[in-house]
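These notes are about the structure you will find just below.
The values are calculated or read from the model by the stated rules, or taken from the named source; none is laboratory data. The shown structure was predicted, so the numbers you read here are calculated from the model rather than taken from an experiment. Methodologically, a virtual Cβ is constructed for each residue, glycine included, from the backbone with ideal geometry; neighbour enumeration extends over all protein chains shown. Ligands, DNA and RNA are excluded from the accessible area calculation, which covers all protein heavy atoms including side chains. Shrake-Rupley method; radii C 1.70, N 1.55, O 1.52, S 1.80 Å.
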Amino acid sequence: MVTKAYGAGMIGIDGFPVTVECNVRSTQGEERFEIVGLPDTAVREARERVRCAMENSGFRLAGREILINLAPANRKKEGSAFDLPILCALLAAAGLLPKEAIGEENFFIGELSLLGEVRPQNGVLSRALAARAAGAKRIFVPRENAAEAAVVSGIEVYGVPDFASLHDHLCGKRLLPREHFDENACRARAAAAGTPDFADVMGQLRARRAVEIAVAGGHNLLLIGPPGSGKSMIAKRIPGILPPMSFEEALETTRIHSAAGEPVDGLILHRPFRTPHHTVSAAGMIGGGSNPRPGEISLADNGVLFLDELPEFSPSVLETLRQPLEDGRVTVTRVAAKVTYPTNFMLVCAMNPCRCGFYGDPNHPCVCRPDDIRRYLGRVSGPLLDRLDLQVEVPALAYAEMHGAPAESSAAMAERAEKARRFAADRFLAAGDRSVQNARMDSAALRRHCALDEEGSALLSEAFDRLGLSARGHDKILRIARTIADLAGEEKIGAMHLAEAIQYRTLDRKYWRGTEE
């Protein structure tokens, strides 16, 4: 007799439905339990987990030949999430579970312990989305994953603590409670987590202004200065002035974190802030593994990726950032799979100007030799530097600045940045553009929204020649100037906006090319 139960597999951050077919027949010879359909090692080992869980839950099948097929058979099945549908299909085939209880409207996801407990899984949100797309009306998931799956509307979600409880529910003996999505509770948790406030940052008015521009336009940012000047302190406060996440952004971010095995409790509604150590590998940064998992640049999607001590990162790792920064996605190709992850993050980098940290500081002599300075700064390549929109010095604070008047709060900065974002969004909407941030404007939108008058054109022409700008640098100055104008509520880019934007592209000449002179 062949019975079917339904589960879901994962490839990258996308789920896909899997039909678990079970054929059971009596045998007088040796008992067999086979699983086919491109299972990986974890799926093949389900035989022992399912057998022990079944017996410890009060069910026993002796003298049977069991064949499990996972369809579609041409797609790789990975992980332990198929334990639960395999056991359901097996018991239904043996007549120990009503066949109608495991019909195509019910999906099952979960790993079984040897005692029959149902253990949590990665990627449950994506699997639930795949189940809904396949027409499921109900989904049974590990109890720890129930809040995550409940984010998906239009499908009933039940958290399962152990198989015995699931069996009682399916047989109508004792029903499991249905899980409901509580967005207010998720927002309350996000608010309770909080972020540090810019009110703690004394002085550094130029760096604060650059941060506000970067947040308003979605630009990348480089902070360079001596040790202890507040670079890391500033970076850690940036998520606090980013706008609240939309439901679509939160859903995408939650799917990524869930697929990567990160803790997920319902919907992630706070902006990610990722700070990988400088020893991170290329695979850890962009994603990888035999079954490619998201890397740091994808875990920072819709948030901030902060690279502290930028030159200490491996140059090969830094170079992997170039294409994701431009495209907003990264494709990881391995023998087993080819997956694409979103990478819409704000890159914030901090670094010292040399190994001792005091090159160019008027108050502390630099002890590095010129060759050492060039070698240190040379670890950040020109192409990567060209992609860092705003480059800002963060000088050491004077005593008077540290004990001055209270600094402006994050709330005030966030209000201005959000007003500028709305100003830009209205402009894009009126023009029929798909852009949502100034930093993401394509060439056509750049021409429409960044037109310069005669004075502005002359100023940019002079800066282009004097600073030796690339075409990318030219366009980034226009995008930054557009954001500065938006912060001022101006429809047209003026010479004053352009002049400020140019100032944020001059550190290359002072440090990188200055060390060659």
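Which one of these is open to solvent by 10 Å² or more (accessible area, probe 1.4 Å), in a helix (DSSP H, G or I) and not aromatic (F, W, Y): R132, R174?
Going through R132, R174 in turn, just one is open to solvent by 10 Å² or more (accessible area, probe 1.4 Å), in a helix (DSSP H, G or I) and not aromatic (F, W, Y): R132.
Residues I35, I86: which one is out of contact with any Lys or Arg (no Cβ under 6 Å at 6 or more places or on another chain) and either surrounded by 20 or more Cβ atoms within 10 Å (Cβ to Cβ) or of a type in the set (F, W, Y) (or both)?
After applying the criteria, what remains is I86.
Being closer than 24 Å to F16 by Cβ and charged (D, E, K, R) is the filter; apply it to the range 309-353 and report the residue that is surrounded by the fewest Cβ atoms within 10 Å (Cβ to Cβ).
In this case the residue turns out to be K338.
Based on what the data block shows, is P353 at pLDDT 95 or above and not in a helix (DSSP H, G or I)?
The answer is no for P353.
Would the range 274-287 turn up any residue that is assigned to a loop (DSSP other than H, G, I, E, B), among the aliphatic types (A, V, I, L, M) and farther than 18 Å from V348 by Cβ?
No - not one qualifying residue is present in the range 274-287.
Among the candidates A214, A193, A146, which residue alone is out of contact with any helix residue (DSSP H, G or I) (no Cβ under 6 Å at 6 or more places or on another chain), surrounded by 22 or more Cβ atoms within 10 Å (Cβ to Cβ) and within 30 Å of A412 (Cα to Cα)?
After ruling out the rest, the residue left standing is A214.
Look at the range 224-273 and say how many of its residues are in a loop (DSSP other than H, G, I, E, B), of a type in the set (D, E) and surrounded by 14 or more Cβ atoms within 10 Å (Cβ to Cβ).
1
What pairs come out if I take residues in the range 294-305 that are open to solvent by 10 Å² or more (accessible area, probe 1.4 Å) and pair them with residues that are assigned to a loop (DSSP other than H, G, I, E, B) whose C-beta lies under 7 Å away, six or more apart or interchain?
What qualifies is E296/P276; E296/V280; N302/M245; N302/R271; N302/P272; N302/N344.
Of the residues R25, R51, R60, only one is in a helix (DSSP H, G or I) and open to solvent by 70 Å² or more (accessible area, probe 1.4 Å); which?
Just a single option satisfies the conditions, and that option is R51.
Would you check if I480 is touching a residue at least 12 places away in the same chain (Cβ under 8 Å) and closer than 14 Å to M441 by Cα?
Yes; evaluated as a whole, the condition is true for this residue.
For every residue, the table says whether it meets (1) closer than 15 Å to G194 by Cα; (2) under 16 Å from the mean Cα position of the chain (by Cα); (3) not acidic (D, E).
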site	(1), (2), (3)
S232	no, no, yes
M245	yes, yes, yes
I256	no, yes, yes
V264	no, yes, yes
T275	no, yes, yes
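Considering only the range 410-514, give the helices (runs of 4 or more DSSP H) lying wholly within it that have at least 1 residues that are touching an Asp or Glu at 6+ places or on another chain (Cβ under 6 Å).
Hits in the range 410-514: 410-431, 443-449, 471-487, 495-503.
So in the range 63-81, with the set limited to residues that are part of a loop (DSSP other than H, G, I, E, B) and of a type in the set (S, T, N, Q), which one is nearest to E111 (Cα to Cα)?
The extreme case among them is S80.
Can you name the number of the only condition in (1) open to solvent by 80 Å² or more (accessible area, probe 1.4 Å); (2) without any contact (Cβ under 8 Å) to a residue 24 or more places away in the chain; (3) farther than 21 Å from R209 by Cβ that G432 fails?
Every condition holds for G432 apart from (1).
Name the pairs whose Cβ atoms lie under 9 Å apart, with the first residue in the range 395-408 and under 21 Å from P226 (Cα atoms), the second hydroxyl-bearing (S, T, Y) and outside any helix (DSSP H, G or I), and 6 or more positions between them or separate chains?
P395/S229; A396/S229; L397/S229
Rundown of residues vs (1) open to solvent by less than 60 Å² (accessible area, probe 1.4 Å); (2) within 22 Å of A495 (Cβ to Cβ); (3) at pLDDT 90 or above, yes/no style:
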site: S409; (1), (2), (3): yes, no, yes
site: V436; (1), (2), (3): no, no, no
site: D442; (1), (2), (3): no, no, no
site: L446; (1), (2), (3): yes, yes, yes
site: A463; (1), (2), (3): yes, yes, yes
site: G473; (1), (2), (3): yes, yes, yes
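What pairs come out if I take residues in the range 353-374 that are in contact (Cβ under 8 Å) with a residue 24 or more places away in the chain and within 19 Å of A396 (Cα to Cα) and pair them with residues that are open to solvent by 50 Å² or more (accessible area, probe 1.4 Å) and among the aliphatic types (A, V, I, L, M) whose C-beta lies under 8 Å away, six or more apart or interchain?
Taking only residues 6 or more apart or on different chains, the pairs are F358/V367.
Looking only at the range 108-129, count how many residues are assigned to a loop (DSSP other than H, G, I, E, B) and in contact (Cβ under 8 Å) with a residue 60 or more places away in the chain.
Counting residues in the range 108-129 that are assigned to a loop (DSSP other than H, G, I, E, B) and in contact (Cβ under 8 Å) with a residue 60 or more places away in the chain gives 7.
Please name all residue pairs, on different chains or six or more residues apart, with Cβ atoms under 9 Å, provided the first residue is in the range 261-277 and is in contact (Cβ under 8 Å) with a residue 12 or more places away in the chain and the second residue is of a type in the set (S, T, Y) and part of a loop (DSSP other than H, G, I, E, B).
Note: pairs meeting the criteria are H270/T195; R271/T195; F273/T195.
I'd like to know if the range 2-21 contains one or more residues that are farther than 21 Å from P142 by Cα and assigned to a loop (DSSP other than H, G, I, E, B).
Within the range 2-21, not a single residue is farther than 21 Å from P142 by Cα and assigned to a loop (DSSP other than H, G, I, E, B).
Return only the number of the condition from (1) touching a strand residue (DSSP E or B) at 6+ places or on another chain (Cβ under 8 Å); (2) on the phi > 0 side of the Ramachandran plot that G289 does not satisfy.
Against the list (1) touching a strand residue (DSSP E or B) at 6+ places or on another chain (Cβ under 8 Å); (2) on the phi > 0 side of the Ramachandran plot, G289 comes up short only on (1).
Check off (1) farther than 20 Å from L221 by Cα; (2) modelled with pLDDT of 90 or more; (3) in a strand (DSSP E or B) for L347 and give me the number that stays unchecked.
Tallying (1) farther than 20 Å from L221 by Cα; (2) modelled with pLDDT of 90 or more; (3) in a strand (DSSP E or B), L347 fails exactly one: (1).
Output the residue which, of all residues in the range 63-83 that are farther than 24 Å from N145 by Cα and crowded, with 20+ Cβ neighbours inside 10 Å, is modelled with the lowest pLDDT.
Among those that are farther than 24 Å from N145 by Cα and crowded, with 20+ Cβ neighbours inside 10 Å, it is I66.
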